[in-house]
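Asker: Take this structure, written in structure tokens, and hold onto it; I'll ask about it next.
The values are calculated or read from the model by the stated rules, or taken from the named source; none is laboratory data. Computed from a predicted model, the values in this text were never measured in an experiment. Backbone-built Cβ (ideal geometry, glycine too); neighbour counts: all protein chains shown. These accessible areas exclude ligands, DNA and RNA; they are computed on the full protein's heavy atoms, side chains included. Shrake-Rupley method; radii C 1.70, N 1.55, O 1.52, S 1.80 Å.
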Amino acid sequence: MATVEEVKDYIFKKVESYAGKKQVKVPQMTQDVIEHFGEDNCSKKDVKEALRELIDDEKLVYGYFGGTTIELPHKEGSAN
Amino acid sequence: MSNTPLIDELVKGPWPSFIKDIKRTAEKNEMCKDLLNLLEMSYRDKKTHWKHGGIVGVRGYGGGIIGRYSDSPELYPGVSHFHTVRINQPAGWFYSTSALRYICDLWEKHGSGLTNLHGSTGDMVMLGTTTEHLEDIFTDLSEHGWDLGGSGSDMRTPSCCLGKSRCEFACIDTMAICHDLTNEWQDELHRPAFPYKFKIKIAGCPNDCVASIARSDCSIIGTWRDNIRQDDAAVAKYASGELVYGARADGKVDIKADVVDKCPTGCMSYEGGKLSIDNKNCNRCMHCINLMPQALRVGVDGGATILLGAKAPIVQGALLSSVLVPFIKMDPPYEEFKELIGRIWEFWDENGEARERIGEMIVRIGKGNFVEEVGCDPIPEMICEPRSNPYIFYEEYFEEE
Amino acid sequence: MAAPKRKTDIGPPHYDQMLHPAIKANYGKWKSHQNLKPGVLMHEGESGAKVYTVRGASARLISITTIREMCDLADKYCDGFLRYTSRNNVEFMTDKEANVEPLIADLKAMGVPVGGTGSSISNIVHTQGWVHCHSSATDASGVVKVVMDELIDYFTSMSLPAHLRIAVACCLNMCGAVHCSDIAILGIHRTPPTIDHDKLGNMCEIPTTVASCPKAAIRPAMVEGKQSVEVIEDLCMYCGNCYTVCPAMPIANPLNDGISIWVGGKVSNSRTKPMFSKLAIPYLPNTPPRWPEVSDAVKNIVEVYARDAKKYERVGEWINRIGWPQFFEKTNLEFTKYHIDDFTLASSTYNSSTHIKF
């Protein structure tokens with residue numbers, strides 16, 4: 001079984017690697033994580049929990065680009 | 001001389017003027033002043049001066065706040081940041097004045113003082129605030145028993161007609177259902193995890209005053225299985241003119257011409273002063289009940305028809321919802337309904353493409369395949385007519401022994 | 001360091017706290033109702049209890065100044081309760097019949113028309129427009145104001161053949177899904193976004209911009225030595241999604257943006273099934289501040305319908321009875337090639353019959 005910390009770590013690194021290149025959405029990320037750890041080691045619920053912790057701790061934030069995305073925290077919107 | 005001559009033209013005329021309203025609020029609020037200036041510029045240039053923003057919100061939530069920035073911050077700094085806060089409305093849009101006054105005070109302190117009552121999805125829409133106010137607004141709201149609504153790829157704030165609170169047509173308790181579903185699915189509302197948005201609207205009867213069949217991915221529309229309740233004495237009063245259809249200036253009802261002949265299924269007759277209804281053939285259109293509400297009433301065995309898939313045009317064209325379940329009882333705790341929606345979300349999560357509404361997914365994979373996948377039996381109520389084309393993808397073959 | 005735990009996910013306040021005592025007492029026990037006059041309903045409970053409702057117009061975009069005035073009236077006449085309708089009207093409910101006329105008088109003094117019930121034109125549901133939206137092709141509140149200024153007598157009376165529902169959306173995204181309205185007023189962009197190649201590379205993430213297009217019409221491109229994008233114009237349907245993510249691609253085009261008019265939609269199941277609205281006028285110019293072309297066009301359609309439709313016929317039912325050729329003739333509207341559908345399933349809208357009136 002993958003621990004929450006392992007799942008969080010994987011998600012964070014994935015989002016980091018996409019930064020500026022690809023907008024990642026929750027369903028895609030969920031499928032990606034489950035594929036990586038294997039269905040027996042990681043459930044949808046686990047991914048959900050890991051994501052919630054990452055967001056509550058402000059390691060990641062929600063974005064919006066014609067649908068919700070998850071991304072690294074950055075400067076406010078298109079304010080500039 | 002006014003510096004907003006164009007929008008001042010909208011102060012004139014008998015209909016309530018939003019410009020007049022913003023103007024008097026601008027006496028105390030700088031944001032309103034600059035909003036008027038920016039709007040005047042749009043009226044002059046014939047184009048919008050707003051940009052989307054997107055990346056604002058309150059901590060932990062992915063919905064409820066819409067970022068908005070003007071394209072002319074140096075000209076009108078008061079509206080350079082002008083975000084929207086969606087507050088989840090109480091079911092049925094009922095308010096005590098103390099609750100509404102609290103919201104007004106909050107918005108006087110933290111925002112422009114402008115609102116929409118209400119947004120298209122149903123939320124209280126608070127127009128115009130800046131990022132630094134957001135956490136304070138949220139804390140204040142939750143201290144007072146309020147919460148934010150949805151936005152982005154989440155379950156959007158469910159909304160409903162006023163149902164049993166003030167309407168005898170209601171076949172289901174829309175407000176109780178709306179409140180329960182909203183609370184059941186708080187996580188789905190606040191933490192977007194779907195391929196795209198998912199709207200739920202609950203209408204008490206087939207008149208559909210909340211336009212759920214046109215405006216929600218999941219339409220819950222009240223209906224009844226038993227017979228129309230009929231009061232013959234009241235029918236006679238409509239016939240004599242003692243009772244009238246009050247919704248028209250000339251409300252005298254001709255029972256043969258206005259009721260029987262307008263029945264789309266021809267299931268009514270009126271002979272010798274006796275109105276007869278063949279309930280087996282009634283399609284629950286509501287026309288006769290709408291016309292003579294004191295004589296005819298919906299049945300007592302109420303429930304809902306569940307329809308899926310309505311949406312506006314972008315991307316694959318507009319859709320109306322279509323039938324998934326012809327009749328389902330909607331009594332608390334609504335387990336059968338919630339399990340059905342759970343299966344639908346599960347399937348959509350795994351098969352929906354990014355930014356694909358559920359209605360579009362159903363069209364893409366075929367409604368027959370979809371209903372099978374979510375555990376429903378294909379039944380003729382789901383369609384207007386069977387296919388006329390022979391391009392059938394058979395899934396079973398005989399094999400040589 | 002994790003931030004402190006906050007109160008979240010508590011949901012909206014329970015509606016129970018928001019109901020007038022007479023509404024609460026008769027909840028689920030209503031027997032029937034009467035529309036006493038325009039804007040006034042009387043609901044009767046099984047017990048014989050009566051509740052009166054007075055419906056007033058609202059601009060939907062209302063300030064706390066106006067909301068507080070509405071609250072004052074609710075405190076004065078309705079024991080401190082009020083509600084809003086699905087078409088953005090405000091409703092005051094009381095069990096005291098004697099309160100009805102004074103309340104109406106106070107509303108009128110406040111400049112709030114009373115009506116919108118029965119065979120009337122109720123309030124126009126609409127979107128944000130130039131007041132608050134980045135993809136709007138026109139204003140929404142302003143268009144609503146001028147159209148209702150013109151049609152207000154239909155709001156305060158019940159003289160039409162049936163209910164008539166108008167909606168305004170300021171672009172094809174249709175936040176106020178207007179596609180099933182008796183008359184829909186729809187802002188339209190008619191040209192693809194323009195691209196500021198000088199700014200795009202700095203302002204926007206190119207992969208994000210490319211991915212934002214639902215039709216895959218945007219491609220990365222080098223333009224005069226600068227990293228930018230190009231738009232395959234034939235694929236663009238003017239949704240403005242690219243502008244949402246990339247401010248260097250404005251979709252607004254003051255010269256070409258305008259308004260289209262659609263007719264014959266409905267959501268109620270009464271008599272006939274719910275219907276989409278269909279195209280009546282493909283383009284009217286965007287003429288703020290009072291859009292005379294739009295209010296004239298809507299008024300014309302309403303007046304022809306009011307004269308020609310039979311009792312209880314919604315606009316769509318009327319048109320289905322007389323046929324589209326007669327609709328265009330009676331309303332004196334031009335029929336063009338744009339009225340003929342060319343999207344998915346367009347062939348189902350062709351007339352494959354000899355049912356033609358001469």
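Asker: With contacts defined as alpha carbon pairs under 8 Å and 6 or more residues apart, what's the relative contact order of chain B in percent?
Answerer: Reported relative contact order: 11 percent.
Asker: What does the average come to when, for each residue of peptide B:252-259, you count the partner chain Cβ atoms lying within 10 Å of its Cβ?
Answerer: 1
Asker: Please list C:23-31, B:174-182 highest first by mean number of surrounding beta-carbon atoms within 10 Å per residue.
Answerer: B:174-182, C:23-31
Asker: How far apart, in nm, are two points set 7 Å out from the Cα along the Cα-to-Cβ line at B:Asn227 and at B:Glu74?
Answerer: Simple spin-label model gives 7.8 nm for this pair.
Asker: Further question on the same structure: Report the Cα centroid-to-centroid distance between the range B:1-63 and the range B:78-146 in angstrom, as an integer.
Answerer: Centre-to-centre distance over Cα atoms comes out at 17 Å.
Asker: FRET efficiency for B:Glu271 and B:Glu373, Cβ-Cβ distance as r, R0 = 51 Å, nearest 0.05?
Answerer: Plugging the Cβ-Cβ distance into 1/(1 + (r/R0)^6) gives 0.55.
Asker: Modelling each spin label as a point 7 Å along the Cα-to-Cβ direction, I'd like the B:Glu385/C:Ala49 distance in nm, to one decimal.
Answerer: 5.0 nm
Asker: In square angstrom and rounded to 100, what buried accessible area do you get between chains C and A, total over both, with the probe at 1.4 Å?
Answerer: Chain pair C/A: roughly 700 Å² of buried accessible area.
Asker: Now, a different point. From the phi of every residue in the range A:7-22, what ³J(HN,Hα) in whole Hz does the Karplus formula 6.51 cos²θ - 1.76 cosθ + 1.60 yield, where θ is phi - 60° and glycine or proline is x?
Answerer: 5, 4, 4, 4, 4, 4, 5, 4, 4, 4, 6, 7, 3, x, 10, 8
Asker: Suppose R0 equals 30 Å. What FRET efficiency, 1/(1 + (r/R0)^6) with r the Cβ-Cβ distance, do C:Gln326 and C:Arg190 give to the nearest 0.05?
Answerer: 0.55
Asker: What distance in nm separates the simple spin-label points at C:Arg68 and C:Asp149, each placed 7 Å from Cα in the Cβ direction?
Answerer: Taking the simple label geometry, C:Arg68 and C:Asp149 are separated by 2.8 nm.
Asker: Moving to a separate point now. Average partner chain C-beta neighbours within 10 Å, per residue of C:287-296?
Answerer: 3
Asker: Now for a different question. Kindly state, to the nearest 0.05, the FRET efficiency for B:Phe393 paired with C:Glu233, given R0 = 30 Å and r defined as their beta-carbon distance.
Answerer: It comes out at approximately 0.25.
Asker: Sticking with this structure for a sec: Pull up all non-local amide H partners of C:Lys278: gap of 5 or more, or a different chain, and H-to-H distance under 5 Å with H placed in the peptide plane.
Answerer: When sequence neighbours closer than 5 places are left aside, the close amide H contacts are C:Val263, C:Gly264, C:Gly265.
Asker: If you don't mind, there's one more thing I want to ask. Find the sum over both chains of the accessible area lost when C and B are paired, probe 1.4 Å, and report it in Å² to the nearest 100.
Answerer: Adding both sides of the contact gives about 10800 Å².
Asker: Work out the mean other chain Cβ neighbour count within 10 Å for the residues of A:41-49 and drop it here as an integer.
Answerer: Partner Cβ neighbours, averaged per residue: 1.
Asker: Something else: When the Karplus curve 6.51 cos²θ - 1.76 cosθ + 1.60 is applied with θ = phi - 60°, which whole-Hz ³J(HN,Hα) does each residue of the range B:367-379 get, with x for Gly and Pro?
Answerer: Per residue, the Karplus-derived 3J(HN,Hα) values read 5, x, 5, 4, 5, 4, 5, 9, x, 10, 8, x, 9 Hz.
Asker: Just tell me which aspartates and glutamates come within less than 17 Å, Cα to Cα, of A:Lys22; anything on the same chain fewer than 8 places away is out.
Answerer: A:Asp32, A:Glu71, B:Glu353, C:Glu205
Asker: Listed highest first by mean packing, meaning other Cβ atoms within 10 Å per residue, what order do B:256-265, B:143-152, B:326-335 come in?
Answerer: So the order, starting with the most tightly packed, is B:143-152, B:256-265, B:326-335.
Asker: At a 1.4 Å probe radius, which order do B:Lys197, B:Lys237 fall into by accessible area, largest first?
Answerer: Ranking B:Lys197, B:Lys237 by accessible area, largest first, yields B:Lys237, B:Lys197.
Asker: If you don't mind, there's one more thing I want to ask. Mind ordering C:41-47, C:336-342 by average Cβ neighbours within 10 Å, highest first?
Answerer: Going by the mean number of other Cβ atoms within 10 Å, highest first, we get C:41-47, C:336-342.
Asker: Rounded to whole Å, give me the distance from the Cα center of the range C:120-180 to that of the range A:19-59.
Answerer: 42 Å
Asker: What aspartates and glutamates could a cross-link reach from C:Lys96, if we take a straight Cα to Cα line under 12 Å and drop same-chain neighbours fewer than 8 places away?
Answerer: C:Asp79
Asker: Still on this model: About the Cα centre, and with charges only on the beta carbon of Lys, Arg (+1) and Asp, Glu (-1), how big is the dipole of chain A? Nearest 20 debye, please.
Answerer: 400 debye
Asker: Which of B:Lys252/C:Lys311; A:Lys25/A:Lys59; A:Lys14/A:Lys44; B:Lys51/C:Lys278; B:Lys201/C:Lys266 have a Cα-Cα distance over 19 Å?
Answerer: In this structure, B:Lys51/C:Lys278 exceed 19 Å between Cα atoms.
Asker: Sticking with this structure for a sec: Per residue, what volume in Å³ does the convex hull of the Cα atoms of chain B enclose?
Answerer: Spelled out: Cα convex hull of chain B, divided by residues, is 213 Å³.
Asker: Amide H of C:Ser136: which non-local residues (sequence gap of 5 or more, or other chain) have their own amide H closer than 5 Å, using H built in the peptide plane?
Answerer: Amide H neighbours of C:Ser136, under 5 Å, 5+ apart: none.
Asker: Given contacts defined as C-alpha pairs under 8 Å and at least six residues apart, what's the relative contact order of chain C, whole-number percent?
Answerer: Relative contact order here is 12 percent.
Asker: Moving on to the next point. Hey, what's the protein assembly as shown come to in accessible area per residue, 1.4 Å probe, Å²?
Answerer: Using a 1.4 Å probe on heavy atoms only, each residue of the protein assembly as shown averages 40 Å².
Asker: Round to a whole angstrom and tell me the spacing of the C-alpha centers of the range C:1-76 and the range C:183-231.
Answerer: 45 Å
Asker: Output wanted: per-residue J couplings in Hz (rounded whole) for the range B:29-45, from phi through Karplus 6.51 cos²θ - 1.76 cosθ + 1.60, θ = phi - 60°, x for Gly and Pro.
Answerer: 3J(HN,Hα) across the range B:29-45, in whole Hz: 9, 5, 4, 4, 4, 6, 4, 4, 5, 5, 5, 4, 5, 5, 5, 6, 7.
Asker: Please report the relative contact order for the range B:247-401, taking Cα pairs under 8 Å with a sequence separation of at least 6, and give it as a percent rounded to a whole number.
Answerer: Relative contact order, the range B:247-401: 14 percent.
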